[in-house]
Amino acid sequence: MKILIILFLTLIIYSCNGQEQIPKELKFSFEYLNENWDSKEIDVFKNISENDSTTPRNYHFGIGMYLRNNLLRHHEKSENLTKFFDSIGIHHYDEMSSIILTSYHRYLNNQDIELQSQVDKYEEYWKPIIECNKNQKIKAVELFNKYTVGDTLTIKMPVSENNSVVDFPCSNGNLEWEFDESKDLSISGIITDKYNINSETNVFFKVKVLSKNHPDTEIMMREINVGDEFDFGLSTAWKIK
């Protein structure tokens, strides 16, 4: 029975039904789902709504993870699939699996998969993050070139509820934060070394701590006291001057 269902769904995928042209890589992904889900699972997935709390994206941590580990990473067609996604501007495995599931859901419901629209949403999400990372690299190199070994710095750092300094990436495209003297850490230090790793924009300082406004505050979950040295990358949200 399952074989008949798989054959039936495969014929549907390859039939001409007036929908937008679906890339062969996605068709292969649909076949893979047909082979790895039974008819009941397919029917449940087909009948969920993209607009309620149980969307195709909620399968991200179940079948989505399975797709990432087995289809996108360790399958004989994995390279072809990832090359296809790279070619349309999708480079992260979780986004690939999300597009596969969303497209499969829409196809089962006889809807256009709107692939370009899906891609556009991810590009829109990444655009400010990419721009932020680009600006951070420029600022990092400027700092690296501005200071030399022996110079003194003041570094202000955000502190978490665990009383440890944190740093954060360009996850929302914005690294702005307000320093709070009552909880955040401010140190003065002297540069004892400066270097880069693998790239001229991946630059670091080694700093010897001269003073801390909050002596008991850890730096990135490490106990760093006055007189100690620590290394940090200059592509950071910390305020350095």
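The values are calculated or read from the model by the stated rules, or taken from the named source; none is laboratory data. Quick caveat, the model's predicted, so the values are computed rather than measured. Here the Cβ is made from the backbone with ideal geometry for all residues, glycine too, and neighbour counts use every protein chain on show. Heads up: the accessible areas ignore ligands, DNA and RNA and are worked out on the full protein's heavy atoms, side chains in. Shrake-Rupley method; radii C 1.70, N 1.55, O 1.52, S 1.80 Å.
Somewhere in the stretch 73-80, is a residue surrounded by 12 or more Cβ atoms within 10 Å (Cβ to Cβ) and either within 29 Å of Leu210 (Cα to Cα) or among the aliphatic types (A, V, I, L, M) (or both)?
No, the stretch 73-80 contains no residue that is surrounded by 12 or more Cβ atoms within 10 Å (Cβ to Cβ) and either within 29 Å of Leu210 (Cα to Cα) or among the aliphatic types (A, V, I, L, M) (or both).
Tally the residues that are more than 23 Å from the chain's Cα centre (by Cα) and either of a type in the set (D, E, K, R) or open to solvent by less than 60 Å² (accessible area, probe 1.4 Å) (or both), restricting the search to the stretch 171-183.
Residues in the stretch 171-183 being more than 23 Å from the chain's Cα centre (by Cα) and either of a type in the set (D, E, K, R) or open to solvent by less than 60 Å² (accessible area, probe 1.4 Å) (or both): 5 in total.
Criterion first (without any contact (Cβ under 8 Å) to a residue 60 or more places away in the chain, under 24 Å from the mean Cα position of the chain (by Cα) and part of a strand (DSSP E or B)) does Phe204 satisfy it?
yes
So is Ser186 surrounded by 15 or more Cβ atoms within 10 Å (Cβ to Cβ), of a type outside the set (D, E, K, R) and either at pLDDT 95 or above or within 20 Å of Lys241 (Cβ to Cβ) (or both) or not?
Answer is yes for this residue.
For the stretch 133-161, give me the residue count where each residue is under 23 Å from Thr217 (Cβ atoms) and touching a residue at least 12 places away in the same chain (Cβ under 8 Å).
9
If I filter the stretch 113-131 for residues that are touching a Phe, Trp or Tyr at 6+ places or on another chain (Cβ under 7 Å) and either more than 30 Å from Asp216 (Cα to Cα) or open to solvent by 70 Å² or more (accessible area, probe 1.4 Å) (or both), do I get at least one hit?
yes
When only residues in the stretch 219-238 that are within 29 Å of the chain's Cα centre (by Cα) and of a type in the set (A, V, I, L, M, F, W, C) count, which is surrounded by the fewest Cβ atoms within 10 Å (Cβ to Cβ)?
Met221
Every residue in the stretch 136-162 that is surrounded by fewer than 16 Cβ atoms within 10 Å (Cβ to Cβ), more than 15 Å from Ile191 (Cα to Cα) and of a type in the set (Lys, Arg), please.
Passing the criteria: only Lys139.
Just one of the numbered conditions (1) surrounded by fewer than 16 Cβ atoms within 10 Å (Cβ to Cβ); (2) within 30 Å of Tyr122 (Cα to Cα); (3) modelled with pLDDT under 95; (4) not small (Gly, Ala, Ser) is not true of Asn198; which one?
Looking at each condition in turn, Asn198 falls short on (3).
Counting only residues that are of a type in the set (Ser, Thr, Tyr), give me the helices (runs of 4 or more DSSP H) lying completely in the stretch 63-140 with at least 2 of them.
78-87, 93-108
Starting from residues that are under 23 Å from the mean Cα position of the chain (by Cα) and modelled with pLDDT of 90 or more, keep the ones in the stretch 39-70 and report whichever is least open to solvent (accessible area, probe 1.4 Å).
Leu67
Across the stretch 161-183, which residue is farthest from Cys132 (Cα to Cα) among those that are hydroxyl-bearing (Ser, Thr, Tyr) and at pLDDT 95 or above?
By that ranking, first place goes to Ser182.
Which one of the conditions (1) more than 17 Å from Glu161 (Cα to Cα); (2) loosely packed, with under 15 Cβ neighbours inside 10 Å; (3) touching a residue at least 40 places away in the same chain (Cβ under 8 Å); (4) among the charged types (D, E, K, R) does Asp216 fail to meet, given that it meets all the rest?
Of everything listed in (1) more than 17 Å from Glu161 (Cα to Cα); (2) loosely packed, with under 15 Cβ neighbours inside 10 Å; (3) touching a residue at least 40 places away in the same chain (Cβ under 8 Å); (4) among the charged types (D, E, K, R), Asp216 misses just condition (1).
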